[in-house]
Amino acid sequence: MKEPQEPNEFEKASGEKAPNLGAEIIGLLKHNKKWWLVPILIVLALVGALVILGATGAAPFIYTLF
């Protein structure tokens, strides 16, 4: 009979909870030292928020800003 082996690093990682999207992006920026991407991501998030809010009841208030 075989003795049970200790799980390797891959098996241990498979049992961990997956990080959310924000944590993944922050981890990517830290690991690759690409901090210059932060302003681009912020602007993209703001534009995305404007697009989403433009389709709601807040549209007349947003259009007056421009």
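The values are calculated or read from the model by the stated rules, or taken from the named source; none is laboratory data. As the structure is a computational prediction, the values presented were derived from the model and not from experiment. Cβ: placed from backbone, ideal geometry, glycine included. Neighbour counts: every protein chain shown. The accessibility values were calculated without ligands, DNA or RNA, using every heavy atom of the protein model including side chains. Shrake-Rupley method; radii C 1.70, N 1.55, O 1.52, S 1.80 Å.
Structure values in brief
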item: Degrees separating the helix 21-32 axis from the principal Cα axis of the chain, which is the longest one; result: 70 degrees
item: Between helix 37-54 and the chain: long-axis angle, C-alpha atoms, 0 to 90°, nearest 10; result: 60 degrees
item: Kirkwood-Stokes translational diffusion coefficient of the chain, alpha-carbon pairs, 10 °C, 1.306 mPa s, µm²/s; result: 99 µm²/s
item: Dipole in debye (nearest 20) - the chain, about Cα centre, beta carbon charges: Lys, Arg +1; Asp, Glu -1; result: 320 debye
item: Gaussian network model of the chain, springs between alpha carbon atoms under 10 Å - residue of Ala49, Ala23, Ala13 with greatest fluctuation; result: Ala13
item: Computed helical MRE - 222 nm, the chain, DSSP H runs ≥ 4 contributing -39500 (n - 2.57), nearest 500; result: -18500 deg cm²/dmol
item: Solvent accessible area, Å² - Val43, 1.4 Å probe, full protein context; result: 90 Å²
